[in-house]
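The values are calculated or read from the model by the stated rules, or taken from the named source; none is laboratory data. Since we're looking at a predicted model, the values are computed, not measured. Note that each Cβ is placed from the backbone with ideal geometry, even for glycine, and that neighbours are counted across all protein chains shown.
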Amino acid sequence: MRAVQALLGHPPRAVVRLPLTKLSTAGIGRIRAAPDRGSITAGKRCPRRRLSHLDPAARFGESAAAMNKTTPPRSRRIVWLNVLTVGSAAILISAEVFGAAFAGSWAIATLLSLGAFGARLLDGLFVLCGIFVMVQFVRAASRIEPFTVD
């Protein structure tokens, strides 16, 4: 888009146009003339190869040799923005989940008069539930925001 704007003579800074604003006649003319120039950036046409100039026998030999080669495994690249996004959300949500787990176990233990041992037992049970919830959250979030790309 910036290349088209530069070609049309627009300033490089961002210009916000009101919706459904009519373009000027000169602007429409420049947009219509742009495809005739062949290339947006330099105004040069890319040379086209004609199929009649290709040597099919030589090309087949090169492609047959290339088919027999094994390709090295691609290295996967970590997308740190997605990792940081999911990690930040996990920290925020885990604070709420584990806070609710401890508050809930305290409330139930007090309501049922379970004592200190019963409260700790409920703490452990609710924390295990919280860990399960957080693992499910991170797995679902990593499907939406993948941590690696090819």
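Taking the condition of being free of Cβ contacts under 8 Å to residues at least 40 places away in the same chain and either touching a helix residue (DSSP H, G or I) at 6+ places or on another chain (Cβ under 9 Å) or crowded, with 16+ Cβ neighbours inside 10 Å (or both), how many residues in segment 132-150 meet it? Counting residues in segment 132-150 that are free of Cβ contacts under 8 Å to residues at least 40 places away in the same chain and either touching a helix residue (DSSP H, G or I) at 6+ places or on another chain (Cβ under 9 Å) or crowded, with 16+ Cβ neighbours inside 10 Å (or both) gives 2. Within segment 93-114, residues that are over 24 Å from Gln136 (Cβ atoms) and modelled with pLDDT under 95 reach no partner that is assigned to a loop (DSSP other than H, G, I, E, B) and of a type in the set (Val, Ile, Thr) with beta carbons closer than 8 Å at six or more positions or on different chains. Identify all residues within segment 101-124 that are assigned to a helix (DSSP H, G or I) and surrounded by 14 or more Cβ atoms within 10 Å (Cβ to Cβ); write none if there are none. The answer is Ala101, Phe102, Gly104, Ser105, Trp106, Ile108, Ala109, Gly118, Ala119, Leu121, Leu122, Asp123. Quick one: is Gly43 of a type in the set (Gly, Ala, Ser) and either at pLDDT below 55 or not in a helix (DSSP H, G or I) (or both)? Judged against the criteria, Gly43 is a match. With respect to the stated conditions, Ser88 is modelled with pLDDT of 95 or more, closer than 30 Å to Phe137 by Cβ and either part of a loop (DSSP other than H, G, I, E, B) or in the same structural domain as Ala140 (by TED's automatic domain parsing) (or both).
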